[in-house]
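Take a look at the structure below.
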Amino acid sequence: NAGVMQNPRHLVRRRGQEARLRCSPMKGHSHVYWYRQLPEEGLKFMVYLQKENIIDESGMPKERFSAEFPKEGPSILRIQQVVRGDSAAYFCASSVDRLEGYTFGSGTRLTVV
Amino acid sequence: RKEVEQDPGPFNVPEGATVAFNCTYSNSASQSFFWYRQDCRKEPKLLMSVYSSGNEDGRFTAQLNRASQYISLLIRDSKLSDSATYLCVVNYGGATNKLIFGTGTLLAVQP
């Protein structure tokens, strides 16, 4: 039973480019969460999605960031026109029930140069 | 006030020592509580859930005090492999129920 799969593991983008981060939840998990961890900081909630629905995006920056979880395929976190401050580890997690603990993917480390 | 507050440490302890971490949370509507462990530059991993009655898993014991909004983790007989950052995690409550992570307490177990 594969865990939460994230790709790519490492992503380098130049300022102004777009970054697309993908996450496939664990089999049977319909709740997906994205978190960002800046260097030397804690995990910050970004967005919570269920299939085809954004449930809570209170942690998403208002501009340049978007997320989706289509009926088919992985969840995508999209960052347009990246800036140096977007450099961070982005973790995706999934759960079978919203009251249970999450299982995390191994993260995507985004570096903006 | 931070939603979840932890002492960042570091806690430097010798092998075999007992160490305790504390955490406070601000949202009285929270229903679920966890301790996660994060090794350097890796993903957080669920260590244990925390229940009002307290729970134990081998060398690890977790306690919850709802009245004081306080959570603790006790590690007995520390091993070198216990060295990591320990994250106190609380659900936000309400419809979204997102998990809020503390910034973590760094534990370094010395030989």
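A few comments on the model shown:
- Test for residue A:106: is it within 14 Å of chain B (Cβ to nearest Cβ), farther than 16 Å from residue B:96 by Cα and not basic (Lys, Arg): yes
- Residue in segment B:9-21 that is touching a residue at least 12 places away in the same chain (Cβ under 8 Å) and under 20 Å from residue A:37 (Cα atoms) present: yes
- Scanning segment B:20-55 for residues that are within 13 Å of chain A (Cβ to nearest Cβ) and of a type in the set (Phe, Trp, Tyr) returns B:33, B:34, B:35, B:36, B:51.
- Answer from A:11, A:21 - the residue that is at pLDDT 95 or above, over 12 Å from the mean Cα position of the chain (by Cα) and surrounded by 17 or more Cβ atoms within 10 Å (Cβ to Cβ): A:11
- Single residue of segment A:49-69 satisfying the filter (of a type outside the set (Gly, Ala, Ser) and either in contact with a Cys (Cβ under 8 Å, 6 or more places away or on another chain) or within 18 Å of residue B:3 (Cα to Cα) (or both)) that is farthest from the other protein chains (Cβ to nearest Cβ): A:60
Condition check ((1) modelled with pLDDT under 95; (2) within 10 Å of chain A (Cβ to nearest Cβ)) across all residues:
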| position | (1), (2) |
| --- | --- |
| B:2 | yes, yes |
| B:18 | no, no |
| B:59 | no, no |
| B:65 | yes, no |
| B:68 | yes, no |
| B:73 | no, no |
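- When residues of segment A:46-87 are limited to those that are open to solvent by less than 70 Å² (accessible area, probe 1.4 Å) and at positive phi, the one modelled with the lowest pLDDT: A:73
The values are calculated or read from the model by the stated rules, or taken from the named source; none is laboratory data. Worth saying up front: this structure is predicted, and the values here are computed from it rather than measured. We place every Cβ from the backbone using ideal geometry, glycine too, and count neighbours over all the protein chains shown. Accessible surface areas use protein heavy atoms only, side chains included; no ligands, DNA or RNA. Shrake-Rupley method; radii C 1.70, N 1.55, O 1.52, S 1.80 Å.
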